Structure formats: C-alpha cells, structure tokens
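The values are calculated or read from the model by the stated rules, or taken from the named source; none is laboratory data. Note that the structure is a prediction, hence the values are computed from the model and not measured. Backbone-built Cβ (ideal geometry, glycine too); neighbour counts: all protein chains shown.
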Ligand code: TYD
C-alpha cells in the first residue's frame with residue numbers, strides 16, 4: 001500500500017451501475033466535510049477539464065454510429081486517468097489530503113476486462129500510468145446487476161420520461177454480471193485493500209458499513225475523525 005512517499009490517503013469507490021456508489025460517496029464526503037479534514041472529491045472519467053472532454057467522447061454515442069473499439073476505449077480511459085493523476089490526485093496526496101474518487105483503476109479492470117481486453121494489457125498500462133500508486137482503500141459496493149440496473153431504469157424514467165429511457169437487454173445484463181464478477185475477484189485477491197460492502201441494505205446501513213472501514217484508516221493516517 002504505497003503512495004510513493006506521499007502523505008495523503010486515496011479512497012476509491014467502485015461498483016456496478018445503480019449500486020448506490022455516488023450516493024454513498026456524497027454521504028461520506030459530507031461527513032468528512034463536517035469533520036473539516038482536508039479533502040478532494042473527484043471522479044473518473046472526467047476529473048479534470050480535459051478529462052471532461054474525454055468523458056464526453058467515451059460516453060456520448062457518436063452521430064455516425066461508430067463506437068470505440070475496445071483498445072481505443074481503454075486508452076481513452078487511461079488518458080483520462082493519467083491527466084487526473086497528474087493534475088488532481090498526486091498533487092492532493094502530496095499536499096496531505098484525503099482523495100475520494102468515484103471509480104478508478106478497478107473499473108477499468110472490471111469493465112474493459114469484461115469487454116475482452118487481456119489481463120497483460122491491463123497490467124502494462126497500469127504499470128505505465130500508475131506506477132506504484134494504489135488506493136489505500138477501495139470501497140466496493142456490491143449488488144446483483146439484475147437489481148441495480150432496474151434502479152437505473154427507474155431513475156432514468158423518473159427524470160426524463162421516454163426520451164431518456166434506458167432499458168437493459170439480456171446481453172447488457174450478462175455483461176454487467178461479468179463486470180460484477182470481476183470486481184468480486186479483485187476483492188478476493190486483495191482483501192486488505194478492497195472492502196466488500198453489500199449494497200442492498202438501506203442507504204443508512206451502507207453508510208455505516210462504509211464508515212466502519214474508512215474511520216480507522218483515517219485515524220491511522222493521523223486525521224482527526226472522532
Ligand atoms: P458514469 O456516468 O460515471 O456512471 P456511474 O454513475 O455508474 O459511475 O459513467 C461511467 C461509465 O464508465 C460506467 O459505465 C463505467 C465506465 N467505466 C469504464 O468502463 N472504465 C473505466 O475505467 C471507468 C473509470 C469507467
């Protein structure tokens with residue numbers, strides 16, 4: 001668990017879509033804000049102004065109907081990450097801050113891995129861009145995509161009516177099952193770093209479970225968190 005001689009703490013939040021990740025990140029950041037600890041809240045893709053451009057390229061379907069091939073997509077996620085590390089994450093860690101990041105490298109391993117990118121390619125890029133930097137703690141909000149994707153559907157219907165309707169078909173469900181399994185495999189391989197948090201309980205219960213993992217880490221790092 002090294003941050004290359006830095007003194008801050010990097011905490012990442014991971015999970016499949018609809019797992020409540022962003023809600024929990026917000027709750028955690030609000031709690032830390034009340035405690036007045038130095039903190040940066042950020043996300044991938046899109047944690048920098050240029051990264052926002054990459055995010056748009058990645059997530060908005062192109063008018064031509066052309067989609068990124070798996071390798072190009074992977075490199076865009078890593079371009080975003082390299083810029084994010086350079087402009088936001090490393091400077092904040094060097095300044096001794098807590099960095100809360102919504103998605104990070106495990107998302108690439110889970111999603112691009114599930115899209116068929118071989119493990120050795122992921123390892124190479126990881127080494128190139130992250131070097132020895134690892135999150136001190138990764139909170140994996142685990143939920144069956146069968147349930148979590150329904151939440152996304154309901155949410156999208158609620159916001160935008162028919163226009164923004166999102167329906168996940170069988171193939172997408174199967175893809176998200178593979179993503180989940182990859183997240184679970186990472187948690188199993190790195191139990192010290194990855195806290196597996198069942199996300200089907202109430203938001204308050206999940207928040208409690210998150211805090212149980214975060215508080216001791218921050219205390220050990222010298223932050224006053226009660
Ligand atoms: P976003 O709208 O941020 O979704 P969420 O609220 O679920 O985080 O979109 C991010 C999407 O990008 C999400 O589908 C996961 C995907 N992603 C990857 O495929 N690889 C990555 O490395 C990252 C960071 C995200």
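List of remarks:
- Here is the figure for segment 13-25: residues that are modelled with pLDDT under 90 and more than 10 Å from the ligand (Cβ to nearest atom) total 0.
- Answer from 221, 215 - the residue that is within 20 Å of residue 35 (Cα to Cα), surrounded by fewer than 17 Cβ atoms within 10 Å (Cβ to Cβ) and in contact (Cβ under 8 Å) with a residue 12 or more places away in the chain: 221
- Residue list for segment 15-32, filter: within 15 Å of residue 214 (Cα to Cα) and out of contact with any strand residue (DSSP E or B) (no Cβ under 9 Å at 6 or more places or on another chain): 27, 30, 31
- Taken over segment 35-61, the criterion of being farther than 19 Å from residue 226 by Cα, free of Cβ contacts under 8 Å to residues at least 12 places away in the same chain and away from the ligand (no atom under 16 Å from the Cβ) is satisfied by 49 alone.
- Number of residues in segment 104-137 that are out of contact with any helix residue (DSSP H, G or I) (no Cβ under 6 Å at 6 or more places or on another chain) and within 14 Å of the ligand (Cβ to nearest atom) equals 7.
- Unique match (being surrounded by 15 or more Cβ atoms within 10 Å (Cβ to Cβ) and either within 13 Å of the ligand (Cβ to nearest atom) or not in a helix (DSSP H, G or I) (or both)) among 10, 32, 93, 28: 10
- Scanning segment 36-44 finds one or more residues that are part of a loop (DSSP other than H, G, I, E, B) and under 22 Å from residue 179 (Cα atoms).
- Residue check: residue 146 meets all listed conditions (1) in contact with a helix residue (DSSP H, G or I) (Cβ under 9 Å, 6 or more places away or on another chain); (2) under 24 Å from residue 58 (Cβ atoms); (3) away from the ligand (no atom under 11 Å from the Cβ); (4) part of a helix (DSSP H, G or I) but one, namely (2).
- Only one entry of 57, 74 meets the criterion of being crowded, with 18+ Cβ neighbours inside 10 Å and more than 13 Å from the chain's Cα centre (by Cα), and that entry is 74.
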